[in-house]
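Visitor: Once you've had a glance at the structure underneath, I'll fire off some questions.
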Amino acid sequence: MPPVLVNASIAGCTAFPALLHDGRVLALSWWTHRISTEFRSIRDVFAGWALSSESLRELCSDTRTLVDIQNRGVPATDMVMHAPANPAQVFCTIGNYRDQILEAARDAEDGPGGPGAPRRVAEATAMIERRVLEGRPYVCSKGHQCVASSGGALEVPGEMRTLDWEVELGVIIGRTAWQIDVGEALDYVAGYCVVNDITLRERIFRNDPKVMGTDWIESKARPGWLPVGPWLVPSWDVHDPQDLRLSLRLNGEVMQNGWTGDMLFGVAEQIAYLAQHTRLEPGDLICTGSPSGFGSHHQRFLQSGDLIEATVEGLGVQRVRCI
């Protein structure tokens, strides 16, 4: 496996960008003479991605780099791993997996075994087909303060009874994107990572102004409600973002198990859609939707003591303990 990008710190010092390989970590600053740029922070890495990505790619593919990491690197177990992103903007695509939409349809009203289930599934299937042909991604914003580290703790206040998980493929932008075409959209990606879009189900819909619909501030926007990482895999090492398995385990039990090919709107379509309406800047994070298996389906929500393990194929395992 080639080196991956991490945001690490040691002994309470400021976090710095580094490469991780085979359990050892070495700061990017070690190779300043080879990449002609000194990256002091993870935000610097993405701000300079357009100019430095080719040098970084050569660095990561050079066997001398692996030798440097092995001989000069620090064991990853001695480091604190922070989120490999510090985005100014975070976007979350909602209702973007076929199996999740169909599961929600089966679970509604009289439940999966009820007489109304076949009708609801048929209606949901027709809706999916229409959206794919004629529709657009449905996206909300999430504050950058929601971003949290993999390996950290997620606070579950006692009054929150429906705090839920959503494992997703995270996409980090590497170049300014504005009104671009779908065919070129993936060229604007710096890399991919695991994200978990924590959601409070009971607050998604408001009772006071029902006509307003969803409330993403109350249901998604608290600090720490977006664990990111443990690392970032550069785009050149991800052959096809639409051919990745993703899953989530709760205390060792599989809750979600999906495939990015099940998205209604792929990564390129989401980037191109967003870039028609807002300017995407280097470091911005797109959370691309989540497959079936939410806590609302299992009728089991997050509690203190739970261990969440979220993974996307090739992008690492994110472990978060609920407190």
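Visitor: So how much slack lies between residue 102 and residue 218, counting 0.36 nm per residue of separation and subtracting their Cα-Cα distance, in nm?
Guide: Between residue 102 and residue 218, full extension yields 39.2 nm more.
Visitor: Any idea what diffusion coefficient the chain gets from Stokes-Einstein, in µm²/s, Kirkwood Rh on alpha carbon pairs, 4 °C, 1.567 mPa s?
Guide: 64 µm²/s
Visitor: With the crude spin-label approximation of a point 7 Å out along Cα→Cβ, what separation in nm comes out for residue 161 versus residue 299?
Guide: 1.4 nm
Visitor: Work out how far the C-alpha atoms of segment 172-287 reach from end to end along every principal axis, then list the three figures in whole Å, largest first.
Guide: Dimensions of segment 172-287 along the principal axes of its Cα atoms: 44, 39, 26 Å.
Visitor: Let me ask something else about it. Helix 63-72 versus the longest principal axis of the chain: what is the Cα-based angle in degrees, 0 to 90, to the nearest 10?
Guide: 80 degrees
Visitor: Specify the angular offset, from 0 to 90 degrees and rounded to the nearest 10, of the alpha carbon long axis of helix 49-61 from the longest principal axis of the alpha carbons in the chain.
Guide: 70 degrees
Visitor: Take the Cα radius of gyration of segment 12-138 and divide it by 2.2 N^0.38 Å, with N its residue count; two decimals is plenty.
Guide: 1.70
Visitor: Still on this model: Short version: ³J(HN,Hα) in whole Hz for each residue of segment 149-154, in order, from phi by Karplus 6.51 cos²θ - 1.76 cosθ + 1.60 (θ = phi - 60°), x for Gly and Pro, what are they?
Guide: 7, 5, x, x, 10, 10
Visitor: With a Cα-only, solvent-free Debye model of segment 64-141, what are the log10 I(q)/I(0) values at q = 0.16, 0.23 Å⁻¹?
Guide: Results for segment 64-141 at q = 0.16, 0.23 Å⁻¹ read -0.74, -1.07.
Visitor: So if each residue of separation counts as 0.36 nm, and I subtract the Cα-Cα distance between residue 134 and residue 277, what length gain in nm does that give?
Guide: 49.7 nm
Visitor: Taking the mean number of other Cβ atoms within 10 Å as a proxy for protection, how do you rank 43-49, 238-244, 53-59 from highest to lowest?
Guide: Highest-to-lowest ranking by the protection proxy: 43-49, 53-59, 238-244.
Visitor: State, to one decimal in nm, how far the label point of residue 63 lies from the label point of residue 323, with both points 7 Å from Cα in the Cβ direction.
Guide: With each label point 7 Å from Cα toward Cβ, the separation is 4.5 nm.
Visitor: Between the alpha-carbon centers of segment 72-86 and segment 210-280, tell me the distance in whole angstrom.
Guide: Segment 72-86 and segment 210-280 have Cα centres separated by 23 Å.
Visitor: Dimensions of segment 151-228 along principal axes (Cα, Å, largest first)?
Guide: The Cα atoms of segment 151-228 stretch 44, 38, 16 Å along their principal axes.
Visitor: Measuring from label point to label point, each 7 Å out along Cα→Cβ, what is the residue 179 to residue 11 span in nm?
Guide: With each label point 7 Å from Cα toward Cβ, the separation is 5.3 nm.
Visitor: Please state the relative contact order of segment 68-146 as a whole percent: Cα pairs under 8 Å, 6+ residues apart?
Guide: 44 percent
Visitor: Moving to a separate point now. Where only protein heavy atoms count, and the probe is 1.4 Å, what is the accessible area per residue for segment 1-64 in Å²?
Guide: 52 Å²
Visitor: For segment 149-263, with every protein chain kept in place, what is the accessible area per residue (1.4 Å probe, Å²)?
Guide: Heavy-atom accessible area per residue stands at 43 Å².
Visitor: Further, regarding this structure: As a test of the formula, what do you get for the chain when each DSSP H run with n ≥ 4 contributes -39,500 (n - 2.57) and the sum is divided by the residue count, at 222 nm and rounded to the nearest 500 deg cm²/dmol?
Guide: My calculation for the chain gives -7000 deg cm²/dmol from helical runs alone.
Visitor: In square angstrom, what is the accessible area per residue of segment 98-139 with a 1.4 angstrom probe?
Guide: Result: 62 Å² per residue.
Visitor: Continuing with this model, one more query. What is the angle, in °, between the Cα long axis of helix 98-107 and the longest principal axis of the Cα atoms in the chain? Nearest 10 is fine, range 0 to 90.
Guide: Helix 98-107 and the main axis of the chain meet at about 40 degrees.
Visitor: Here is a follow-up. Taking Cα pairs under 8 Å and at least six residues apart, what relative contact order does segment 23-127 come out at, in percent?
Guide: Reported relative contact order: 26 percent.
Visitor: Then there's this: Could you pull the Cα extents of segment 243-323 along its three principal axes, largest to smallest, in whole Å?
Guide: So the three principal-axis extents are 42, 26, 26 Å.
Visitor: So, one more: Using a 1.4 Å probe over the heavy atoms of the protein chains, calculate the carbon and sulfur portion of the accessible area of the chain as a whole percent.
Guide: 51 percent
Visitor: How would 16, 294 line up by accessible area, probe 1.4 Å, largest first?
Guide: Result, largest first: 16, 294.
Visitor: How large is Rg/Rh for segment 35-91, to two decimals, with Cα atoms and a Kirkwood Rh?
Guide: Reported Rg/Rh, Kirkwood definition of Rh: 1.01.
Visitor: Report the relative contact order of the chain, percent, no decimals, based on alpha-carbon pairs under 8 angstrom and at least 6 residues apart.
Guide: Computed value for the chain: 24 percent relative contact order.
Visitor: Still on this model: Rounded to two decimals, what is Rg over Rh for segment 1-85 when you use alpha-carbon atoms and the Kirkwood radius?
Guide: Result: Rg/Rh = 0.93.
The values are calculated or read from the model by the stated rules, or taken from the named source; none is laboratory data. Just so we're clear, the structure is a prediction, and the values are computed from it rather than from any experiment. No Cβ is skipped: glycine too gets one built from the backbone with ideal geometry, and neighbour counts run over all protein chains shown. Heads up: the accessible areas ignore ligands, DNA and RNA and are worked out on the full protein's heavy atoms, side chains in. Shrake-Rupley method; radii C 1.70, N 1.55, O 1.52, S 1.80 Å.
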